[in-house]
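A.B. asks: I'd like to ask some things about the structure below.
The values are calculated or read from the model by the stated rules, or taken from the named source; none is laboratory data. All figures in this text were calculated on a predicted structure; none of them were measured in a lab. No Cβ is skipped: glycine too gets one built from the backbone with ideal geometry, and neighbour counts run over all protein chains shown. Remember, those area values only see protein heavy atoms, side chains included, never the ligands or the DNA or RNA. Shrake-Rupley method; radii C 1.70, N 1.55, O 1.52, S 1.80 Å.
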Amino acid sequence: MRRFLLCVMVVLAMGVFSGAGAATFNVSTEEKFQDALTQAQGNGEDDVINVQDNMNITSTLTYSGEQGHTLTINGNGHSLDGGNSVQIMNISTTGLSDDTGSDITIRDLTFQNGNNPSGSGGGVVAITNNANITLEGCTFKDNSAAHGGGISVTTISNGSVTLTDNTFTGNNATNEGGGAIVVTVVGNATLTNNTFTGNNAASDAGGGLWLQTYAGTVTLTGNIFSGNNAADNGGGTYVFAEFVPQYGYATFTLTNNTFSGNSAAGNG
């Protein structure tokens, strides 16, 4: 009887652990990284990927989300290098029937030398409907794309975007958003303590940042825009709302941001 009870306790303990709904992957190669992303799309758990080494990326890392489950990528100070030949990471949860709760968080990871010459986001493109996107403490360096040299982040419906303590430097877009593009519809866009320096929008607006919303709340606090260039408007940043009657009006709050040494052929 004692042995039986012990076995039952072990089984129950294992069930509680499994029921916690979290899986952790430790990756040190491109192949293992992609395998972890693929497994995370269908394992029914909230997933954490820990990057344990610098990697050269030869084929874009892709993730299409899992309904109701989150993905967190911890870079641990490591870098992903696209070798100026590939987009580094492509995330899209829009194929899910409902991506509410399928939130994406990327922390402490460097994306460098990514390239997407005919599309968006040389370093990262991330697009959701209702899922939230968070980038914390990441660096986007020397990436290039047609739109959004470093990153392009879009939420199509109610999803929000949060960028905190990230650095965008030396990125280039042939069109708009040299450092980054951020677009929301009614979701919030919150940028805090990010640095945009030496980015370029070669033929359009937003040398450091292009930020667009329809009826979201946009809050920029303590960001630095320095030495960015736009061929059109907004050398440092181009922030605007496009009014659509069914969505209503947007709200903008800019506090304690620094703009220095930016240039634009148009306004700003």
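A.B. asks: Helix-derived [θ] at 222 nm for the chain: sum -39500 (n - 2.57) over DSSP H runs of at least 4, divide by residue count, nearest 500?
C.D. replies: Details: 2 runs with 29 residues, N = 268.
Only helices count here, giving -3500 deg cm²/dmol.
A.B. asks: On to the next question. Per residue of the range 114-130, what does 6.51 cos²θ - 1.76 cosθ + 1.60 with θ = phi - 60° give for ³J(HN,Hα)? Whole Hz please, x for Gly and Pro, Karplus curve as stated.
C.D. replies: Values per residue, Gly and Pro as x: x, 8, 9, x, 10, x, 10, x, x, x, 9, 10, 9, 9, 9, 9, 10 Hz.
A.B. asks: Let me ask something else. Round to the nearest 0.05 the FRET efficiency obtained for Asn193 and Thr94 when R0 = 22 Å and r is the Cβ-Cβ distance. Walk me through the numbers before you get to the answer.
C.D. replies: Details: r = 29 Å, r/R0 = 1.33.
Efficiency for this residue pair is about 0.15.
A.B. asks: Based on the Cα atoms of the range 198-253, what semi-axes does the equivalent ellipsoid have, where each is the square root of 5 times one gyration tensor eigenvalue, given in whole Å with the largest first? Don't skip to the answer; put the middle values down first.
C.D. replies: On the way: eigenvalues 113, 38, 6 Å².
That gives 24, 14, 5 Å for the three semi-axes.
A.B. asks: What number, in percent, do you get for the relative contact order of the range 63-136 if the mean sequence gap of Cα pairs under 8 Å and at least 6 apart is divided by its residue count?
C.D. replies: Numbers: 180 pairs, mean separation 29.2, N = 74.
Value for the range 63-136: 39 percent.
A.B. asks: Compute the relative contact order of the chain as a whole-number percentage, counting only Cα pairs closer than 8 Å that sit 6 or more residues apart in sequence. Each step should come with its number before you reach the end.
C.D. replies: Working: 926 pairs, mean separation 27.6, N = 268.
Reported as a whole number, the value is 10 percent.
A.B. asks: I would also like to ask the following. Run the paramagnetic zone check for Thr253: 7 angstrom along Cα to Cβ, then residues of the range 209-247 with backbone nitrogen under 14 Å.
C.D. replies: Answer for the range 209-247: 217-222.
A.B. asks: Here is a follow-up. Determine the per residue accessible area of the chain with all protein chains present and a 1.4 angstrom probe, expressed in square angstrom. Don't skip to the end; give the middle numbers.
C.D. replies: Values: 11290 Å² over 268 residues.
With the other protein chains kept in place, the chain gives 42 Å² per residue.
A.B. asks: If you don't mind, another one. Can you tell me the equivalent ellipsoid semi-axes for the range 134-237? Use √(5λ) from the Cα gyration tensor, largest first, whole Å. List each step's numbers first, then the result.
C.D. replies: Numbers: eigenvalues 76, 43, 26 Å².
Working through the eigenvalues yields semi-axes of 20, 15, 11 Å.
A.B. asks: Also, quick follow-up: Can you give the accessible area of Thr258 in Å² (nearest 10), computed on protein heavy atoms with a 1.4 Å probe?
C.D. replies: 70 Å²
A.B. asks: Return the whole-Å distance between the Cα centroid of the range 217-246 and the Cα centroid of the range 102-120.
C.D. replies: If we compute the Cα centre of each part, the gap is 20 Å.
A.B. asks: Sticking with this one: With unit charges on the beta carbons (Lys and Arg positive, Asp and Glu negative) and the dipole taken about the Cα centre of the range 65-211, which residue among Gly75, Phe196, Ile91 sits farthest to the positive side?
C.D. replies: The residue sitting farthest along the positive end of the dipole is Phe196.
A.B. asks: Running a GNM on the chain with Cα contacts under 10 Å, which residue among Val86, Val124, Val244 ends up with the highest mean-square fluctuation?
C.D. replies: Highest fluctuation among the options: Val244.
A.B. asks: Can you tell me the relative contact order of the range 87-130? Whole percent, Cα pairs under 8 Å, sequence separation 6 or more.
C.D. replies: Details: 53 pairs, mean separation 26.8, N = 44.
With pairs under 8 Å counted, the relative contact order is 61 percent.
A.B. asks: Over the chain, what percent of the accessible surface lies on carbon and sulfur atoms, probe 1.4 Å?
C.D. replies: On the way: 5650 of 11290 Å².
Exposed carbon and sulfur together represent 50 percent of the surface.
A.B. asks: Taking all protein chains together and a probe of 1.4 Å, list Glu176, Glu31, Glu136 from the most accessible to the least accessible.
C.D. replies: Descending order: Glu31, Glu136, Glu176.
A.B. asks: Pull up all non-local amide H partners of Asn116: gap of 5 or more, or a different chain, and H-to-H distance under 5 Å with H placed in the peptide plane.
C.D. replies: Answer set, sorted by chain and number: Gly122, Ser144, Ala145, Ala146.
A.B. asks: Per-residue counts of other Cβ atoms within 10 Å, averaged by peptide: what ranking do you get for 218-225, 150-157, highest first? Kindly include the intermediate steps, with their values, before the conclusion.
C.D. replies: Numbers: 218-225: 19.4, 150-157: 26.0.
Highest mean packing first, the order is 150-157, 218-225.
A.B. asks: What number does the chain give for Rg over Rh if you use C-alpha atoms and the Kirkwood radius?
C.D. replies: Numbers: Rg = 19.9 Å, Rh = 18.8 Å.
We get a ratio of 1.06 for the chain.
A.B. asks: Another question, then. Can you list residues from other chains, or at least 5 along the same chain, whose modelled amide H is less than 5 Å from the amide H of Ser79?
C.D. replies: Asn54, Met55, Thr110
A.B. asks: Still on this structure: Rounded to the nearest 0.05, what FRET efficiency is calculated for Phe240 and Asn84 with R0 set to 30 Å and r the Cβ-Cβ distance?
C.D. replies: Computed FRET efficiency for Phe240 and Asn84: 0.45.
A.B. asks: Then there's this: List the residues, sorted by chain then number, that are 5 or more residues from Gly137 or on another chain and whose placed amide H is less than 5 Å from its amide H.
C.D. replies: Asp108, Thr164, Asp165, Asn166
A.B. asks: Could you give each residue of the range 209-218 its phi-based ³J(HN,Hα) in whole Hz, using Karplus coefficients 6.51, -1.76, 1.60 with θ = phi - 60°, and x for Gly or Pro?
C.D. replies: Once rounded to whole Hz, the list reads 8, 10, 10, 10, 9, 10, 9, x, 9, 9.
A.B. asks: Right, another one. With a cut-off of 12 Å, note down the residues of the range 63-77 whose backbone N falls inside the zone around a label point 7 Å from the Cα of Ser157 toward its beta carbon.
C.D. replies: Answer for this model: 68.
A.B. asks: Could you size up the charge dipole of the chain around its Cα centre, putting +1 on the beta carbon of Lys and Arg and -1 on that of Asp and Glu, and report it in debye to the nearest 20?
C.D. replies: Details: 5 positive and 20 negative charges, 81 e Å.
Computed about the Cα centre, the dipole is about 380 debye.
A.B. asks: On full extension of the chain, what length is gained from Thr221 through Asn50, given 0.36 nm per residue of separation minus the C-alpha to C-alpha distance?
C.D. replies: Working: separation 171, 0.36 × 171 = 61.56 nm, distance 2.91 nm.
Using 0.36 nm per residue and subtracting the Cα-Cα distance, I get 58.7 nm.
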